[in-house]
1. Against the conditions (1) in contact with an Asp or Glu (Cβ under 8 Å, 6 or more places away or on another chain); (2) among the acidic types (D, E); (3) at pLDDT 95 or above, where does E75 fall short? Just the number, please.
2. Does G36 satisfy being assigned to a loop (DSSP other than H, G, I, E, B) and surrounded by fewer than 19 Cβ atoms within 10 Å (Cβ to Cβ)?
3. Among what's in the stretch 41-55 and is of a type in the set (F, W, Y) and touching a helix residue (DSSP H, G or I) at 6+ places or on another chain (Cβ under 7 Å), pick the residue that is surrounded by the most Cβ atoms within 10 Å (Cβ to Cβ).
4. For the subset of the stretch 163-190 comprising residues that are over 20 Å from S151 (Cβ atoms) and open to solvent by less than 80 Å² (accessible area, probe 1.4 Å), which member is modelled with the lowest pLDDT?
5. Name the single residue that is farthest from Y46 (Cα to Cα) among those in the stretch 85-121 being of a type in the set (G, A, S) and part of a helix (DSSP H, G or I).
6. Step by step: first the residues of the stretch 1-33, then only those that are open to solvent by less than 40 Å² (accessible area, probe 1.4 Å) and of a type in the set (G, A, S), then the one that is farthest from E75 (Cα to Cα). Which residue is that?
7. Going through the stretch 144-154 one residue at a time, which ones are open to solvent by less than 10 Å² (accessible area, probe 1.4 Å) and among the polar types (S, T, N, Q)?
8. Can you run down the residue pairs with Cβ atoms below 8 Å, 6 or more apart or on separate chains, where the first is in the stretch 101-112 and under 13 Å from P17 (Cβ atoms) and open to solvent by less than 50 Å² (accessible area, probe 1.4 Å) and the partner is among the polar types (S, T, N, Q) and assigned to a helix (DSSP H, G or I)?
Amino acid sequence: DLALPVEDMRKLFAHRPVRLQTRRNLDFFKLSYMLGGMNLIDLLKYDFRQERISYIRTKTKLRNLRSTEFSIQPEARAIIEKYMDAKTGRIDDSIKCRYSSYISLINRSLQTIAERLHLSHQRISFYSARKSFIQYGFDIGIPLEILEYCSGQTMKANRPIFNYAQVMSRHADDAIRRVIDCVKNPAVLTDDREKNY
C-alpha cells in the first residue's frame, strides 16, 4: 500500500531539504500530488506555459484517448515556476540519464527523506503521490469517475451512466482543490468522512 497517511503527507509538504537535488525530488513529488497524481514521465515532458493542464496520460490505453483537463492550482504553479524552462515550458530536471535510473534516484531520495522525518509509513515512492491523491479524494467522497478523470486513468466503458453524465474540467478543478486542502487541513478528511458515510 503506497498511499500515505495524511499526517505523513503533511510532514513531506512542510519539509524543506537543504540539498538542491533532494529539494527538487520532493518538489516533483508534491507537484505530482497537486496535479491529480500525474506520473513523472508526463511531468517531465509537459509544456507548463499554459494556465491549464491538458494531456493524455502516457500509460493510458490507446483505445481511450480522451484528454484530462484542469486548472493549475497556485501551489502547483509556484513549484512549476521554480523549475520551468521559459523556452520549452518543461520543468528542468537537470539530470540527464535514462528515465528508469531517474525514477529510481527519486524513489531513493524520497525513502531517505521519509526515514529522516520518521514517517509512520514504511514505504514511499514517487507513485505514493498518485495513490495518496486518489485515496484522499475517495475518503472525502469525491466520485471515482472524477478521480479517474483527474488522474488521467482510463475511464471504465462498462458504466452506462456515462451516456447521461460527463465529467468535465470544472469537476476536476473542484476535486483537486479539495484534495490539496486535505494536506493543509487534515480535519477536512474527518469532517467529510462523517458527511459521506
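The values are calculated or read from the model by the stated rules, or taken from the named source; none is laboratory data. The structure presented is a predicted model; accordingly, all values stated were derived computationally and were not measured. Here the Cβ positions follow ideal geometry from the backbone for every residue, glycine too, while neighbour counts run over all protein chains shown. What goes into the accessible areas is simple: the full protein's heavy atoms, side chains included, and nothing from ligands, DNA or RNA. Shrake-Rupley method; radii C 1.70, N 1.55, O 1.52, S 1.80 Å.
1. Every listed condition holds for E75 apart from (1).
2. Working: assigned to a loop (DSSP other than H, G, I, E, B): yes; surrounded by fewer than 19 Cβ atoms within 10 Å (Cβ to Cβ): no.
Here the answer is no, as G36 does not meet what is asked.
3. If we filter the stretch 41-55 for residues that are of a type in the set (F, W, Y), which is where we start, we get 46, 48, 55.
Those left that are additionally touching a helix residue (DSSP H, G or I) at 6+ places or on another chain (Cβ under 7 Å): 48, 55.
Details: F48: 22, Y55: 18.
Checking each candidate, the answer is F48.
4. T190
5. Of the stretch 85-121, the ones of a type in the set (G, A, S) are 86, 89, 94, 100-101, 104, 109, 114, 120.
Now restrict to residues that are part of a helix (DSSP H, G or I): 100-101, 104, 109, 114.
Working: S100: 18, S101: 20, S104: 20, S109: 23, A114: 28 Å.
Across the stretch 85-121, the extreme among qualifying residues is A114.
6. Restricting to residues being open to solvent by less than 40 Å² (accessible area, probe 1.4 Å) and of a type in the set (G, A, S), the top hit is A3.
7. Taking the stretch 144-154 first, the residues open to solvent by less than 10 Å² (accessible area, probe 1.4 Å) are 147, 150-152.
Within the stretch 144-154, just S151 meets the criteria.
8. I106/N25; S109/Q21; S109/T22; S109/N25; L110/N25; L110/S128
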